[in-house]
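The block underneath contains the structure these notes are about, expressed in structure tokens.
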Amino acid sequence: MWANYMEAFRLVFAPDVVIAIILSSIYGLVVGSLPGLSATMATALLVPVTFYLSPIAANATIIAASAMAIFSGDIPGALLRIPGTPASAAYTDEAYAMTRKGQAEMALGAGVWFSALGGIAGTISLMALAPPLAEIALSFSTFEYFWLAFLGLMCATLVARSSPVKAIAAMLLGLLVSCVGMENPGGVPRFTFGIADLLGGIEPIPALVGVFAVSEVMRAMLTPDPPPMPKRKFGSIMAGQLHLTKKYWWPMTRGNIVGIIIGVLPGAGADMAAWVSYAMSKKFSKEPEKFGTGHVEGLVEAGASNNASLASGWVPALLFGVPGDTITAIAIGVLYMKGLNPGPTLFTEKASSMYALYIIFIIANIIMIPLGIIMIRLASRILRAPRSGIMPIIVLCCAVGSFATGNSLFAVLTVAAFGVIGYVMEANGYPVAAMVLGIVMGTMVEQSFVTSLIKSDGSIVPFFERPVSAVLAALTIGALAWPVLYWIWRKFLLRPAHA
Amino acid sequence: MKLSDRVTGTFLVGLGLVTAYAGHKLPPVPGQQIGPEVFPVVTGLCIALCGALIAFGIGAKFEEEAEADLAAHGGENIAVVERGPLYKLRVLIPPGLLVFYVLVVDRIGFIPTAAIVAFLAATALGARLKLAAGVAILAPIGIHLIFYKLLRVPLPDGFLPMPWR
């Protein structure tokens with residue numbers, strides 16, 4: 001084990017990895033702070049660059065950029081009442097109210113300090129949970145993998161802040177996209193319409209860039225510019241944070257635990273963790289009447305929660321190839337690309353690489369504090385950057401980045417098409433994150449489904465026979481039936497009671 | 001582009017049924033009961049079922065609650081500027097520019113194409129001429145330097161080859 005850790009340190013402190021961590025941290029901080037540019041979009045745009053990096057450097061860029069972007073989203077939330085990323089939306093009002101009370105430093109300081117602590121707590125959970133789960137996962141067959149992947153997809157639809165039926169439909173559309181091409185049990189062209197470029201299937205990366213980046217630029221075409229950031233000088237950012245840690249140690253710990261649980265849950269990510277933790281903070285607070293008036297308690301708990309979920313989201317991703325959220329959905333693509341195929345054997349065959357990822361998480365969350373303070377001090381300048389100057393660069397990065405995935409212009413057309421699809425879906429309440437998970441996991445779901453069916457000679461009974469498989473099946477079917485049962489309950493059982 | 005649930009639900013029913021039918025028509029694997037048709041057929045039928053549920057308004061209550069919650073927390077920042085029906089077609093500019101990029105980049109090269117794309121995008125977003133021109137000149141050069149020189153992506157030279165090629 002110690003030899004693996006020594007090897008991991010050697011991997012992490014290689015010059016290319018250190019440079020990758022620093023540059024991607026700065027990139028994540030800047031992109032996350034710009035309203036409308038989410039952490040997922042920052043990560044998706046980074047993927048083409050990771051093609052040219054070593055496996056550890058590639059994963060380091062994803063880890064560092066996403067962690068920084070999630071924190072950095074708090075900055076415009078506190079200063080402009082516009083969340084930089086969806087993960088900050090839950091407590092934007094609270095942070096802005098603090099700024100109006102003259103406590104901007106405390107709000108932003110709490111953002112950076114409790115995000116870092118939450119990220120470290122999430123990393124510890126990843127280190128503690130992953131190895132024992134890997135032991136259990138070694139005995140899984142294709143039946144368990146099928147239900148696990150399906151349950152992951154179902155969780156993504158249940159926690160979506162939208163209609164669960166629409167979320168399931170979006171997820172199924174993602175599975176449909178993954179059907180395109182020749183990579184199927186028969187090796188026959190499926191839904192290719194005679195287009196040679198579709199024979200290899202639709203690559204997840206251009207699709208991700210399209211739905212997260214191009215659709216955002218499309219929305220910017222119709223929405224007004226955010227208000228200009230007033231020039232201001234900040235006092236000490238970190239003053240009083242240790243006092244807050246002592247005073248709110250239990251809300252912080254609860255936020256960490258909730259974030260870790262939500263992160264581990266396949267499909268649920270940082271934004272869900274922040275919403276749940278903010279609501280819990282208000283519910284269990286001794287001073288609930290202060291919430292909404294600029295009270296730091298909710299920021300402490302939700303800030304600790306969203307960054308904790310980020311690290312624990314890697315648990316299902318590394319063990320089963322099932323993404324914990326949209327960021328890990330992208331990370332899984334990078335892991336495959338770099339030969340670190342997710343699965344329990346990763347912890348035995350490439351243990352030093354796994355330990356290297358843990359170390360990178362810890363480093364990213366530690367350097368978040370100094371870099372975050374610098375970012376807050378520069379925020380007045382960065383947030384004044386005109387959107388009309390940034391969005392054209394994003395369009396160009398979408399074009400060149402997607403082209404770089406396979407040196408094919410067809411990928412650029414894919415980006416454009418998925419931009420339109422993402423825009424239309426989002427405008428009509430279909431969560432694009434669910435579709436993305438469908439696209440990323442489609443091949444795995446089909447492979448485990450068809451292999452299991454072949455093994456069982458077409459019978460579905462073996463899908464429910466093995467104990468773990470039966471439990472996962474019950475959970476999945478429960479998740480699938482939930483929207484219909486809820487609708488029946490509200491429509492037929494609740495109404496007579498009110499009458 | 002807000003459509004009613006009835007329209008999107010009906011579209012999904014149609015898409016699901018067409019998918020299931022097309023999947024059913026796929027050739028089977030000789031000597032094997034399970035082939036490439038199973039997954040698309042199951043997926044298609046499930047999409048059609050979801051479409052029917054959406055068209056009947058099942059689950060819409062969740063959506064309304066989530067939207068109200070988000071609006072109450074100040075997270076809603078998508079107030080569309082109303083300037084007539086044609087104004088909304090502006091959303092097609094970004095994907096249109098990407099299609100334009102695909103059509104011309106091999107003919108005139110990366111730098112001129114990217115400059116046109118950046119200039120048009122900036123102008124469409126309301127940038128003043130000075131800013132739009134600055135973005136159109138500097139962004140393509142910076143991106144070319146990173147992707148061509150550092151990452152070795154073969155961007156076409158066209159009329160304006162860069163000195164670091």
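The values are calculated or read from the model by the stated rules, or taken from the named source; none is laboratory data. Because the structure is a prediction, the values reported are computed rather than measured. Reconstructed Cβ throughout: ideal geometry from the backbone, glycine too, with neighbour counts over all protein chains shown. These accessible areas exclude ligands, DNA and RNA; they are computed on the full protein's heavy atoms, side chains included. Shrake-Rupley method; radii C 1.70, N 1.55, O 1.52, S 1.80 Å.
For the peptide A:410-418, the mean number of other protein chain Cβ atoms found within 10 angstrom of a residue's Cβ is 4. Considering only protein heavy atoms and a 1.4 Å probe, what is the carbon-and-sulfur percentage of the accessible area of the protein assembly as shown? The computed percentage sits at 69.
Can you tell me the orientation of helix A:270-284 relative to chain A, as the angle in degrees between its alpha-carbon axis and the longest Cα principal axis, to the nearest 10? Between the helix axis and the principal axis of chain A, the angle is about 60 degrees.
Evaluated over chain A, the count of Lys pairs having alpha-carbon atoms less than 24 Å apart is 19 (only pairs 8 or more residues apart or interchain).
Ordered by 1.4 Å accessible area with all protein chains kept, A:Tyr145, A:Tyr278, A:Tyr52 run largest first as A:Tyr52, A:Tyr145, A:Tyr278.
Within the full protein context, the accessible area of B:Leu17 is estimated at about 100 Å² for a probe radius of 1.4 Å.
Taking all Cα pairs closer than 8 Å and separated by 6 or more residues, the relative contact order of the range B:5-72 comes to 43 percent.
In this calculation the C-beta distance from A:Ser54 to A:Leu378 is compared with R0 = 41 Å, giving a FRET efficiency of 0.85. Dividing the mean sequence gap of close Cα pairs (under 8 Å, 6+ apart) by how many residues the range A:305-361 holds gives a relative contact order of 26 percent.
Say a site is exposed when it is one of the chymotrypsin sites (Phe, Trp or Tyr not before Pro), sits in a DSSP loop, and has at most 13 other Cβ atoms within 10 Å; what is then the longest site-free stretch of chain B? Longest gap between qualifying sites, sites excluded: B:1-158. A crude spin-label estimate for the pair B:Asp157 and A:Lys286, with each label 7 Å from Cα along the Cβ direction, gives 7.3 nm. For the range B:134-152, a decrease in accessible area of 30 Å² or greater in the assembled protein chains relative to the isolated chain, with a 1.4 Å probe, applies to B:Val135, B:Ile143, B:Phe147, B:Leu151.
The label point for B:Leu89 and the one for A:Phe13, both projected 7 Å from the Cα toward the Cβ, are 6.2 nm apart. For the segment A:394-407, counting C-beta atoms of other chains within 10 Å of every residue's C-beta and taking the mean gives 6.
Calculated mean residue ellipticity, 222 nm, chain A: -23000 deg cm²/dmol, from DSSP H runs (n ≥ 4) at -39500 (n - 2.57) each, averaged per residue and rounded to 500.
Short-range pairs are left out: with C-alpha atoms under 8 Å and at least six residues apart, the relative contact order of the range B:85-150 is 30 percent. When only alpha carbons are used to place a centre, the range A:335-377 and the range B:3-51 end up 40 Å from one another. Other protein chain C-beta atoms within 10 Å of residue C-beta, averaged over B:38-51: 6.
Spatially, the range A:191-217 and the range A:432-466 are offset by 22 Å when compared through their Cα centroids. Modelled spin labels at B:Arg6 and B:Gln32, positioned 7 Å past Cα toward Cβ, are 4.5 nm from each other. Over the heavy atoms of A:Ile439, what accessible area does a 1.4 Å probe trace out, to the nearest 10 Å²? Accessible area, nearest 10 Å²: 10 Å². Taking all protein chains into account, the per residue accessible area for the protein assembly as shown stands at 40 Å² (1.4 Å probe). The 1.4 Å probe gives accessible areas that order B:Lys61, A:Lys246, largest first, as A:Lys246, B:Lys61. Chains A and B together bury some 6900 Å² of accessible area, summed over both sides, with a 1.4 Å probe. Between rounded, prolate and oblate, where does the protein assembly as shown land on the alpha carbon gyration tensor, with a ≥ b ≥ c its root eigenvalues, rounded for a/c under 1.5, else prolate if a/b exceeds b/c? Rounded. Note on the range A:240-318 and the range A:32-91: Cα centroid distance 18 Å, given to the nearest whole angstrom. Express in Å², to the nearest 10, the accessible area of B:Lys88 obtained by rolling a 1.4 Å probe over the protein heavy atoms while all chains stay in place. Probe radius 1.4 Å; accessible area of B:Lys88 about 90 Å². The long axis of helix A:326-337 is offset from the longest Cα principal axis of chain A by roughly 60 degrees. Per-residue extension of 0.36 nm, minus the Cα-Cα distance of A:Ile257 and A:Arg232, leaves a gain of 5.4 nm for this segment.
3J(HN,Hα) couplings calculated from phi for the range A:412-422 with the Karplus curve 6.51 cos²θ - 1.76 cosθ + 1.60 (θ = phi - 60°) are, in sequence order, 5, 5, 4, 4, 4, 5, 6, x, 5, 4, x Hz; Gly and Pro show x. Rounded if a/c is under 1.5, else prolate if a/b is larger than b/c, else oblate: which is the range A:289-364, with a ≥ b ≥ c the root eigenvalues of its Cα gyration tensor? Verdict is prolate for the range A:289-364. An oblate overall shape is assigned to the range A:264-421, the ratio a/c of its alpha-carbon gyration tensor axes (a ≥ b ≥ c) being 1.5 or greater and a/b not exceeding b/c. The angle between the Cα long axis of helix A:387-404 and the main principal axis of chain A comes to about 30°, on a 0 to 90 degree scale. Residues A:Thr348, A:Thr476 ordered from highest to lowest accessible area at a 1.4 Å probe: A:Thr348, A:Thr476.
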